[in-house]
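Colleague: Would you mind keeping the following structure in view while I ask a few things?
What follows draws every value from the coordinates through simple rules; no lab data is involved. None of these values were measured; they are calculated from a predicted model. Quick reminder, even Gly has a Cβ in these numbers, built from the backbone with ideal geometry, and neighbours come from all protein chains shown.
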């Protein structure tokens, strides 16, 4: 028999056991873990002797996480109502739970996304995504999370108003906190949870808090929090002027030139972006007006003459788009001013 | 009266079985006890101390220590002692944790049909390839006691497992 056993070593087999309640959050609370041992021996009878340790129950491992879903400040304008900052709330524990939600304005001076808080958003409220349509809308009316399963997550919106008096660059930081409540009653907000103190009772489900420290809460308190922000955008100025007029009579600026057939007009387009930040893929375009003809190779960008061809000098006429002057500075950083001029002849 | 020669073999087998005492009703010749505990690390007078207590607040990820003790209550040695312990449900065996003085320890990955030393087990993946078995693949642990256990003597086998 020993020889047969040695030949069997290294046999290739499929794992026979499939986990019954396995998921990332762990075995569901309330599961009984049993252990049984079989002892075989010459005095132990034909079937051997079995012994089982008393089973114990897997307790409730409470763990919740709140994360900012935007990854950057939400861009808003002065006077905007129902400005949205999105968060994701996940149940990292092993039991179905409800969660209460509270939002708080963070005081001035705090930093987020490289900027400093200097105002409080107004009339903030919390709404849970209903699942009907992505994004915050009137259908999202729930104010607490109901029956979130282990490894499940929900999108939650902080919705605030931005005062009309806010200026470009203003930043308001908000904090969203989720507190773990008892689950088990669908449609109703569950009661508070607390970590079980004292000696374990192996037959009943105790509660253990293992959550991490959040942006505005302690670790192992059944809560978690994260911060989001609203950032007022900076208005840009785009202007188009006629910088110069030359008529066929050989006039001068002093004598005044007339806009007649054959006059040559110089158009100037200027973009001013104040504040800070960056833009990628910036493209400025200007179509040639009707009854005018573009003067070839007349594009000048920030003082530098450009060719009409698409030859990598970030400007062309009629190539990117027919009858249109296209200027493509690409990636630029604010504050910045870009201007370009070109000439047309009146038909 | 019955003539024994004419009793069918099946009936004889049934009569013999009826007089055989089932194993669990026999007087215990070897006593077996199994317990599940947690290890608690405390500091007493500046020294780190480890003590064991019955399972306390077991949550996923916790490590449980299972200990089986066996004692020979008979007045003669017990031989061919083999202890077989399925890995508890919803648990993962902790590699290298099985222990037992005077035993050879083997494992099964196929539900207890075949046993081999830890380094000699393989499993087949879904793609049909083979790979060495990991502790997470083990389904059973077996301790084979070397030699005999004298009258009145005790032995111990233990292992650890994590709650999934």
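Colleague: Can you give the % of DSSP beta bridges in the protein assembly as shown that are antiparallel, to the nearest 5?
Modeller: 95
Colleague: Along the Cα-to-Cβ line of residue A:88, 7 Å from the Cα, sits a label point; which residues in the stretch A:137-180 have backbone N less than 12 Å from it?
Modeller: It comes to A:152-156, nothing else.
Colleague: Continuing with the same structure: For a Förster distance of 60 Å, can you work out the FRET efficiency between the beta-carbons of residue A:320 and residue B:94, rounded to the nearest 0.05?
Modeller: On the way: r = 65 Å, r/R0 = 1.09.
Efficiency at R0 = 60 Å is approximately 0.40.
Colleague: Below 8 Å, C-alpha to C-alpha, sequence gap of six or more: please give me the relative contact order for the stretch A:188-347 in percent.
Modeller: 21
Colleague: Within 10 Å of each Cβ in B:80-89, how many Cβ atoms from other chains are there, averaged over the peptide?
Modeller: The per-residue average across the peptide is 6.
Colleague: Under the rule a/c < 1.5 gives rounded, and otherwise a/b versus b/c splits prolate from oblate, where does the stretch A:179-236 land using the Cα gyration tensor?
Modeller: It comes out oblate by the Cα gyration axes.
Colleague: In addition: Using r as the Cβ-Cβ distance of residue B:41 and residue A:212, and R0 as 22 Å, what FRET efficiency do you calculate, to the nearest 0.05?
Modeller: About 0.50, to the nearest 0.05.
Colleague: How many partner chain Cβ atoms sit within 10 Å of a residue's Cβ in peptide B:62-69, on average, as a whole number?
Modeller: On the way: counts 5, 0, 4, 0, 3, 2, 6, 1.
Average neighbour count from other chains, rounded to a whole number: 3.
Colleague: As an exercise, use a Förster radius of 41 Å and the Cβ-Cβ distance of residue B:75 and residue B:120 to find the FRET efficiency, rounded to the nearest 0.05.
Modeller: 0.60
Colleague: Using a 7 Å offset from Cα along Cα-Cβ at residue A:332, what residues in the stretch A:238-254 end up with backbone N under 17 Å from the label point?
Modeller: Correct set: A:238-241.
Colleague: Something else about it: With an 8 Å cut-off on Cα pairs and a minimum separation of 6 or more residues, tell me the relative contact order of the stretch B:79-123 in percent.
Modeller: 23
Colleague: Continuing with this model, one more query. Would you work out the relative contact order for chain A, in percent, from Cα pairs under 8 angstrom that are 6 or more residues apart?
Modeller: This gives 15 percent for chain A.
Colleague: Which of the peptides A:103-112, B:30-39 is most tightly packed, and how do the rest follow, going by the mean number of other Cβ atoms within 10 Å of each residue?
Modeller: On the way: A:103-112: 15.3, B:30-39: 18.0.
The peptides rank, most packed first, as B:30-39, A:103-112.
Colleague: What does the structure give for B:119-126 when I average, per residue, the other chain Cβ atoms found within 10 Å of the residue Cβ?
Modeller: Mean inter-chain Cβ contacts per residue within 10 Å come to 4.
Colleague: Fewest Cβ neighbours within 10 Å first, please rank A:282, A:38 accordingly.
Modeller: A:282, A:38
Colleague: Scale the Cα Rg of the protein assembly as shown by the rule-of-thumb value 2.2 N^0.38 Å and send over the ratio, two decimals.
Modeller: On the way: Rg = 39.4 Å, N = 511, 2.2 N^0.38 = 23.5 Å.
So the protein assembly as shown has a normalised radius of gyration of 1.67.
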